[in-house]
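What follows draws every value from the coordinates through simple rules; no lab data is involved. Keep in mind the model is a prediction, meaning the values are calculated, not measured. Using ideal geometry, Cβ is built from the backbone for each residue, glycine included, and neighbour counts are taken over all protein chains shown.
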Amino acid sequence: MKKNKLFVLLILGVCYISSAQNILTLEDAVLGSRTKFAPKNLNQLQWQGEIDKFTFVKNDTLFQGNVENNSIVSLLHISDMNIALKNHDSINLKRFPRIFWKNSEQLEYIENNNLFIYNISTGSFDVIINYPEGADNVDICEANNFLAYTIGNNLFVSINRKIIQVTNEDNPGIISGQTVHRNEFGITNGTFWSPGGKFLAYYRKDETMVADYPLVNISGRIAALENIKYPMAGMKSEEVTLWIYDLETGKKTMIQTGKPKEQYLTNIVWSPDEKYIFIAVLNRGQDLMKLNQYDANSGKFVKTLFEESNARYVEPLHAIEFLENDKKKFIWQSKRDGYNHLYLYNTNGRLLNQLTRGEFDVTENLGTDKEGKFLYFISAQSNPIERQVYKLDLETREVIRLTINKGIHNAAISKTGEYILDTYSNINEPRIINLLSVEGNVIRNLLTADNPYKNYKLGEITISSVKCSDGKTDLYYRLIKPVDFDPSRKYPVIIYVYGGPHSQLVTNRWLGGSRMWQHYMAQKGFIGFTMDNRGTLGHGFNFESSIHRQLGKLEMEDQMKGVEFLKSLPYVDTNRIGIHGWSYGGFMTVNLKLHYPEIFKVAVAGGPVIDWKYYEVMYGERYMDTPQENPDGYEQANLINYVDNLKGKLLIIHGAIDPVVVWQNSLAFVQECVNNKKQMDYFVYPGHPHNVRGADRVHLMRKVSGYFIDNL
């Protein structure tokens, strides 16, 4: 390789695949990674309530592992559950259900519109609760087994099998008990049970003032219009409130979060005594967050515990977490010092300590032990593309690394705080599960999965980095060489790109996080290349937020650093470079194709954002502000403006009922190509939303693969 002072090639991992002769089919590559090529696992591995025993499911049997004597015993078979269900003729389990332990004796699961709570000791069901057909957003109260659920746009609760309709809204534009703000800000549900189960907090969303956006259902003889509410950047958005339902009195109380009405109510948490509600209230501009406390009985504002502001944006993604042994203290996650760290507060809003610090992100808070002496967490401290498990002594502030093996680790701490179930993979190892002591010592290996591709011909994978244009920051890439690689040959390259916020495609996990489609194309003689640019995860807030108000600009600069590196490789055919991406990656694909037509001979973009003024309020305004506030930024990022640069082959693919990146984006681009007498290729998947899933995905990837094979 030629020396090039632009690049620092620190080789972090190389995966050498066996020289077996089997090759992947497209079906293998698209569907097989979750089925026949999925690494072996201990399915549903979890701790059994509050005791130091763990369970997992295999062959429709629930097995129990005992950490004291290292025994593995059969605890429950699906036939045992069906025998216990013999009086419920309509219910017969065909597969072992997804279970959760309520305590060491009771497990729960949902099946066929029923909540089941099964007692291991008695071999019988303690509780069976039925809820109506068509119910959605089912939320179980662990304190008393009450259920909250929605039917249509209204909220219901089931209390000791008595069904109560909490809301009765005729207008479909007013919705209760469902997620809001388009699932941004860590929002995943619309109901919040109080710790003792006496109250239910729920979102109420009024989107009657939001413009209707037309989607067309073509399944009938006459196509039908199906409108959705889609608040575009700079336009009227939904108005959300939080309500409290008192299960004893039936009283409904609105939390008085005040004006302006267009604000974001995120990270809802009850106080342990059920007297207060905590809400991270974020302004629509997303540059000021207030952690507010409200009285749950009256709904009145109590106080602001603290504020966070940033000229770019504030993005609260994690709710407060109270300490197990001191309910007057809680942990808050914040990027206020440039990296995601853990902070200890009391309920008066006083900052007691910054628990973690350094130039790395904490990626998960695993909680404390029952005495509250140690805090466990996962972070990227050792390497931006790895995740390791640590514990923090809350008294001495000593941080101890518990996992040593390189890779991406996930961990579950036992309720006693004595043991850890550690699951990890890296570029060469598909999955390893170990039982650890809280000191990090391996007590027992529970699983070491074989390479599921050991009999298949795959190309060599390398993970390394090049320097960003600032000359300091590492940009990590993954390179897949063609099968039967010959260094004397020249190969075409397909760059797979995403490049947007909250993403990190290159990590030290199994096969480097690569998609099997890239390996399928490596069998066809293509080099696969992926690099994470500025705007993605892994290097702190400044790296991620540097794209603010100028989407596409710095991302392209970084991707072109990757191209420079590729061009320095003697086996790369620089006249045959292609690029493919979906969603934000579709935006990046079209962007790069139009700005560097002499570099990218072929491009395939799926569901691309073409003009950010067509994108929704919550995500779009975080990164671009409104079109009124940032007209230059929107104009610079509008790909319509660069259609005249189009050369070579471009294929755009879109789902016809995409509710995320609406179809208008790519249709506007097609129209501009017509206006400018530019040729391009276009394909639509009727009836598909933002991505093409299921069996049709094989059709999609055959279309994508064929386009590169035919043209590159």
Region 185-246 and region 617-656 have their Cα centres apart by a whole-number Å value of 26 Å
Taking N as the number of residues in region 519-610, the ratio of its alpha carbon radius of gyration to 2.2 N^0.38 Å works out to 1.11
On each of the three principal axes the extent of the alpha-carbon atoms of region 77-120, given in whole Å and largest first, is 28, 20, 18
P(r) of region 480-549 over all Cα-Cα pairs, 5 Å bins starting at 0, rounded to whole percent, reads 3, 17, 21, 18, 15, 11, 8, 5, 1
In the neighbourhood of Met235 defined by beta carbon distances under 15 Å, the net charge of the other residues (Lys, Arg +1; Asp, Glu -1) is -4
Computed over region 40-142, the relative contact order (Cα-Cα under 8 Å, seq sep at least six) in percent reads 17 percent
Between the alpha carbon centres of region 343-421 and region 460-521 the gap in Å comes to 30 Å
Check: in region 321-451 the Lys pairs 8 or more apart or on separate chains whose Cα atoms fall under 26 Å apart number 22
Rounded to two decimals, the Rg over Rh value of region 352-408 from Cα coordinates and the Kirkwood Rh reads 0.96
One checks the Cα atoms of the chain and finds Rg and Dmax, in Å, of 26.7, 80
So, relative contact order of region 390-517 in percent, Cα under 8 Å, 6 or more apart, is 21 percent
Given all pairs of distinct Cα atoms, region 595-691 yields a Kirkwood Rh in Å of 14.2 Å
Here the net charge surrounding Asn346, from other residues whose Cβ is less than 12 Å away from its Cβ (Lys, Arg +1; Asp, Glu -1), is +3
Per the C-alpha gyration tensor (a ≥ b ≥ c, the square roots of its eigenvalues), region 173-319 is rounded if a/c is under 1.5, else prolate if a/b beats b/c, else oblate; here it's oblate
Under the 7 Å Cα-to-Cβ spin-label approximation, Glu629 and Glu398 lie apart by a distance in nanometres of 4.7 nm
Semi-axes a, b, c in Å (a largest) for region 300-380, each sqrt of 5 times a Cα gyration tensor eigenvalue, come to 20, 19, 10
Simple spin-label estimate for Arg702/Met556, 7 Å along Cα→Cβ, in nm, reads 3.6 nm
In nm², the average projected area of the convex hull spanned by the Cα atoms of region 122-246 is 11.0 nm²
When all Cα-Cα pair distances of region 365-522 are considered, the percent exceeding 22 Å is 53 percent
Yeah, region 40-142 with a ≥ b ≥ c from its alpha-carbon gyration tensor (a/c under 1.5 is rounded, else prolate when a/b outruns b/c, oblate otherwise) is prolate
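Taking the convex hull of the alpha carbon atoms in region 207-257, what volume per residue do you get, in Å³?
It comes to 132 Å³ per residue, whole-number rounded.
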Projected convex hull area of region 354-453, Cα atoms, direction-averaged, in nm², equals 6.5 nm²
Result: in region 40-142 the number of Lys pairs with C-alpha under 25 Å apart, spaced 8 or more or on different chains, is 10
Here the relative contact order (percent) of region 173-319, from C-alpha pairs under 8 Å and at least 6 apart, is 19 percent
